[in-house]
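The block underneath contains the structure these notes are about, expressed in structure tokens.
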Amino acid sequence: MQTQPKASHFIDGAYVEDTSGTPIDVIYPATGETIATVYAATPAIVDQAITAARKAQGAWAAMTGTERGRILRRAADIMRERNHDLSVLETYDTGKPYQETSVADATSGADALEYFGGIAASLTGEHIQLGEDWVYTRREPLGVCVGIGAWNYPTQIACWKGAPALACGNAIIFKPSETTPLCALKVAEILHEAGLPAGLYNVVQGMGEVGASLVTDPRIDKVSLTGSVPTGRKVYAAAAEGIKHVTMELGGKSPMIVFEDADIENAISGAILGNFYSSGQVCSNGTRVFVHRDIKEVFLKRLAERLENAVIGDPMDPETSFGPMVSKRQMDIALGYIEKGKAEGARLVFGGNAIDGAGFYMQPTVFADVTDDMTIAREEIFGPVMSVLDFEDEDDVMTRANDTEFGLSAGVFTRDLTRAHRVAAKFEAGTCYINTYNDAPVEAPFGGMKNSGVGRENSKAAIEHYSQLKSVYVRMGDLEAPF
Ligand code: NDP
């Protein structure tokens, strides 16, 4: 497959190159080979993108929602038709196994385009009668939005931000992570093939400083970031300077509670999905697995047996179920946490090592006897490292589960119906799961509480974050004034 894109950036409906920017090598995580090179956006490229977006946005907003939605839905169809090629590219960009990318990336992006394409025609304001007078509200776009992505789901993030922004009549400039710059370019290409007018979906490459220059530009109205909490703090503060709208999808250290009455095999499936999918590089992962003391040893034994069945290898092989880490840097971070886990007295029950050979492979890793104060139980690792903690009492485990700066997701496994809902109500987290983990359908709001973020992606809730209301007061009679 051709992995070198036609050019680094996509601006005003066309590929644009400017080799005077800093070169960024794209590394295939399975082999460590360079598969493409793009160039970071120079200030001139950033300016070109913002100028194009501003110029195009007004006419797009003036179209009917039905017309805008039709283009998004057409793009969704094209994405589905090209799912194989897009999935292969996603695997090259991220190293995630094709077994995953073929069902979770372009498909999820297409869902977002289809959902927001469908909703575009029904976006309305309201009528508020006030005696003979009335107020009507107009739902208006924000203007030009900036999307900044993390590297774990490059296609999905490009669509989760682009689809609601465009449905509401905005233009968007998307900056992918420098680690995974390829996929968003394909999203831009497809949108334009589907009929999106030039200038409305632009992609510019670059490191953090390119993101920062977009965020601080006065011509930008909204910033949506998917990234870590430290980056979120910087971007939020920079956006605050210009009183810009923000959506912050940040990190997590989510709890998963397995009660003694849970279906153990289902709970282990949840723990596997919530720790080892995408080699653990998922923001909502349930990395603190609280297991009731009565079932802990059975849980650990069966978990270890099932982890032996992980197929680690060539991500393009459809049989492979566990791929490499996205980069050597990210692998070294995860391995560093494993050393901390051992040093602080956690019991290593599975994995724990890098895998020799080419590429950035490490074993899925499980620690037991983890306590709340250990570094591996407090900090986001963003790698395949599960911490199993013991508990006996529901009230106690709820307090411990919520004792974190993060609040992205949380899960509970139990057969007790009332307990499941009681626990879900007490979780301090934006997305909670009962007897499942990490499902993220476009119909449901997704986002964090506490330091895990502000705003919501997906669902009708996202509309509130990509549009604003204008109230228009209409007086029917004469207007009285004091003089
Ligand atoms: P980072 O926070 O390092 O980077 C996120 C993006 O922000 C990248 O595109 C990065 O550019 C850019 N960036 C960095 N500094 C700035 C700045 N000062 N101004 C503007 N943009 C900037 O996150 P990672 O890419 O390492 O992704 C992992 C993190 O993302 C984890 O914490 C994870 O939990 C979180 N995440 C959250 C999700 C959610 O929906 N809540 C989903 C997926 C991941 P570059 O990297 O090119 O320098």
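Computed values, structure above
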quantity: Per residue accessible area of the range 328-396, 1.4 Å probe, in Å²; calculated: 43
quantity: Principal semi-axes in Å for the range 245-389 [√(5λ), Cα gyration tensor, largest first]; calculated: 22, 19, 16
quantity: Rounded D (µm²/s) - the chain, Kirkwood Rh over Cα pairs, Stokes-Einstein at 20 °C, 1.002 mPa s; calculated: 92
quantity: Residues in the range 260-287 reached by a label modelled at Glu305 [backbone nitrogen below 15 Å; 7 Å Cα→Cβ]; calculated: 264-269
quantity: Per residue value of the accessible surface for the range 62-142 (all protein chains in place, 1.4 Å probe), Å²; calculated: 44
quantity: Shape box of the range 86-180 [Cα atoms, principal axes, largest first, Å]; calculated: 63, 24, 14
quantity: Mean separation of Cα contacts under 8 Å (6+ apart) over length of the chain, as relative contact order %; calculated: 18
quantity: Using distinct alpha-carbon pairs, which all enter the 1/r mean, Kirkwood radius of the range 390-477 in Å; calculated: 15.3
quantity: For the range 201-306: accessible area per residue (Å², 1.4 Å); calculated: 34
quantity: Accessible-area ranking of Arg329, Arg288, Arg219, Arg233, largest first, probe 1.4 Å; calculated: Arg329, Arg233, Arg219, Arg288
quantity: Percent RCO, i.e. relative contact order, over the range 268-393, from Cα pairs under 8 Å lying at least 6 residues apart; calculated: 32
quantity: Computed lengthening from Ala59 to Leu130, 0.36 nm per intervening residue step minus Cα-Cα distance; calculated: 22.2 nm
quantity: Angle between the chain longest axis and helix 106-119 axis [Cα atoms, degrees, rounded to 10]; calculated: 40
quantity: Between helix 83-94 and the chain: long-axis angle, C-alpha atoms, 0 to 90°, nearest 10; calculated: 70
quantity: The range 329-391 pair-distance distribution - Cα-Cα, 10 Å bins, rounded %; calculated: 24, 57, 17, 2, 0
quantity: Surface share of carbon and sulfur [accessible, 1.4 angstrom probe, percent] for the chain; calculated: 52
quantity: Net +/- balance of residues flanking Gly455 in space, Cβ distance below 9 Å, scoring K and R +1, D and E -1; calculated: -2
quantity: Helical contribution to [θ] at 222 nm, DSSP H n ≥ 4, -39,500 (n - 2.57), averaged over the chain, rounded to 500; calculated: -12000 deg cm²/dmol
quantity: For Gly352, net neighbour charge (Lys/Arg +1, Asp/Glu -1) across residues whose Cβ lies under 13 Å away; calculated: +2
quantity: Cα-Cα separations in the range 317-428 greater than 15 Å, expressed as whole percent; calculated: 69
quantity: Between 0 and 90°, nearest 10: helix 65-81 axis offset from the chain longest Cα axis; calculated: 40
quantity: Fraction of beta bridges assigned by DSSP in the chain that are antiparallel (%, nearest 5); calculated: 45
quantity: Estimated FRET transfer efficiency when R0 is 22 angstrom, pair Ala424-Glu260 (beta carbons, to 0.05); calculated: 0.75
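The values are calculated or read from the model by the stated rules, or taken from the named source; none is laboratory data. Nothing here was measured: the structure is a model prediction, and the numbers come from that model. When we count neighbours, we look across all protein chains shown, and the Cβ atoms used for this are built from the backbone with ideal geometry, even at glycine. Only protein heavy atoms, including side chains, enter the accessible area calculation; ligands, DNA and RNA are left aside. Shrake-Rupley method; radii C 1.70, N 1.55, O 1.52, S 1.80 Å.
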